[in-house]
Amino acid sequence: MTTFPRRIALLGSTGSIGRQTLDVIRRFPDQFQVVALAARSNVALLAQQVQEFHPGLVACFADTQVVEQAARTQLPEAILGPQGLLAAATYTDADIVVAATSGLMALQPTLAAIGAGKTIAIANKETLVMAGHLVMSAAQHAGVSILPVDSEHSAIWQCLRGETQNEIRRLIITASGGPFRRTPLEQLRSVTVEQALAHPTWRMGAKITVDSATLMNKGLEVLEAHWLFGIPYEQIEVVVHPESIVHSMVEFIDGSIKMQASLPSMHLPIMNALSYPHRLQAAGTGLIRDLSWPNVAQLHFEELELQRFPCFRLALEAARLGGTYPSVLVGADEEAVELFLKGQIRFLEIAELIESVLELHQSIAYPDIATTIEASAWARNMVRTLSKSTVRHI
Ligand code: MG
């Protein structure tokens, strides 16, 4: 798709990526138009967004009576429940569907949007991690593009423009290392929710911030890169880069390495996905800060310590094993992080629970959507059960 204006359906409009997508659209009214908005439960913010952007379709997909009541009062036209999310994903007027809902909610709507021929700007990791084989083959079959919104994948995607697949030696994904890169290992036992939520370089939602502290997020990004770019796991590496200025790199067979850099900003990958193959004039929008190399002064790169970040190791193991293991990884992590955020388990128990659940799992090869979702739900249940039976030493 090369023409403007582009009509956008935004799934997850009140979350962190959703709000930043609307920042971009607000600054480029000639290029983009919001035609559908879907949010989980923040009815008040969704109502404000509807007033500002006047979409043709509004959906509120949380399944609780409180939310439904609020939506009926403030947004009487909204389609409620999961069918609202599906309706937004397949809305006739939309050219691009931005999949920015968190967790596995995005899986079915994304597949439906592909079936409806929409270009997908994908910010949701779980969809590709759990069902990359289904999503990429459906996209190929329908002839639609899956464009990355994740900053690392946007970087790789930009480095790969004009290049040839069989001339790639490896993808090098950068990781900030999160808030516990230097924390003595014994202190990780007593990490609080507040400490886990204080990310040094990125501002994000709670779930992904905890995933960035355990480096589960980086593990999921390896799977995401594998599916998006069709590169085997042996050719994907991760390097710690605390400044988060180089967002990722690609090394080619001649030894040349391309990297993409900017000050940390999610607005930039969002702009890239929405405007592809063009670039937007960021000057004067207030969205992108100028990078001054003398001010940056130094960039650091370090090896990732597997012992410090067991969630990262578990993600790579699940990736290599394939089948339903990645779905179990996602489900177990969602539940464990939720329990941690509620103060019901300790930080290190996130990895311990995920590992136990992966060990108990009997994988199914080439899972379909139903099997994928079942495996993930099974994992959530197992984490709940195991967390209750674990003896606490808090
Ligand atoms: Mg990322």
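The values are calculated or read from the model by the stated rules, or taken from the named source; none is laboratory data. In this text the structure is predicted, and so the values were computed from the model without any measurement. Every residue, glycine among them, receives a Cβ derived from its backbone with ideal geometry; neighbour counts consider all protein chains shown. When the accessible area is computed, the model is the full protein with side chains, heavy atoms only, and any ligands, DNA or RNA have been set aside. Shrake-Rupley method; radii C 1.70, N 1.55, O 1.52, S 1.80 Å.
Using a probe radius of 1.4 Å on heavy atoms only, what accessible surface per residue do you get for the chain? Whole Å² is fine.
Per-residue value: 44 Å².
Across the chain, C-alpha contacts under 8 Å between residues 6 or more apart give a mean separation that, scaled by the residue count, equals a relative contact order of 14 percent. Derived scalar couplings between HN and Hα for region 19-29 equal 5, 6, 5, 5, 4, 5, 4, 4, 7, 10, x Hz in order, rounded to whole Hz, by the Karplus curve 6.51 cos²θ - 1.76 cosθ + 1.60 (θ = phi - 60°), x for Gly and Pro. Within the straight-line cut-off of under 14 Å between alpha carbons, the aspartates and glutamates reachable from residue 125 are 150, 152, 211, 221, 224, 333, 334, sequence neighbours fewer than 8 places apart in one chain being disregarded. Here the label points at residue 279 and residue 145, each 7 Å from Cα along the C-beta direction, are separated by 1.6 nm in the simple model.
Computed from backbone phi, the HN-Hα couplings of region 283-292 come to 4, x, 8, x, 7, 10, 7, 5, 8, 9 Hz, rounded to whole numbers (Karplus: 6.51 cos²θ - 1.76 cosθ + 1.60, θ = phi - 60°; Gly and Pro given as x). Distance from the alpha carbon centroid of region 309-340 to that of region 75-152 works out to 22 angstrom.
Here each label is just a point 7 Å from Cα along the line to Cβ, and for residue 292 and residue 165 those points are 4.5 nm apart.
For residue 59, the residues whose modelled amide H falls within less than 5 Å of its own, excluding neighbours fewer than 5 places apart on the same chain, are 37, 38, 39, 79.
Each of 348, 329, 375 was scored by the projection of its Cα onto the charge dipole of region 322-394, and the greatest displacement toward the positive side belongs to 348; charges sit on the C-beta of Lys, Arg, Asp and Glu. Computed extension gain for residue 63 through residue 206, at 0.36 nm per residue and net of the alpha carbon distance, reaches 49.4 nm. Region 159-208 and region 349-386 have Cα centres separated by 24 Å.
Between amide H atoms placed 1.01 Å from N, distances below 5 Å from residue 121 occur with 97, 98, 99, 147, all of them 5 or more places distant or on a separate chain. Annotation: amide H of residue 285 has no partner in the under-5 Å range at sequence separation 5 or more or interchain, hydrogens built in the peptide plane. Once both labels are positioned 7 Å from their Cα atoms along Cα-to-Cβ, the gap between residue 2 and residue 182 label points is 5.0 nm.
Do the sum for the chain: with -39,500 (n - 2.57) for every DSSP H run of n ≥ 4, divided by all residues, what is the mean residue ellipticity at 222 nm, to the nearest 500 deg cm²/dmol?
-14000 deg cm²/dmol
Among the protein heavy atoms of the chain, carbon and sulfur supply 51% of the accessible surface, probe 1.4 Å, non-protein parts ignored. Phi angles of region 136-146 translate, via the Karplus equation with coefficients 6.51, -1.76, 1.60 and θ = phi - 60°, into HN-Hα couplings of 5, 6, 5, 5, 5, 4, 7, x, 10, 9, 10 Hz per residue; Gly and Pro are given as x. Excluding same-chain neighbours fewer than eight residues apart, the aspartates and glutamates reachable from residue 118 by a Cα-Cα span under 18 Å are 93, 95. Using a Gaussian network model of the chain in which every pair of alpha carbons under 10 angstrom is joined by a spring, one finds that among 292, 327, 356 the greatest mean-square fluctuation is at 292.
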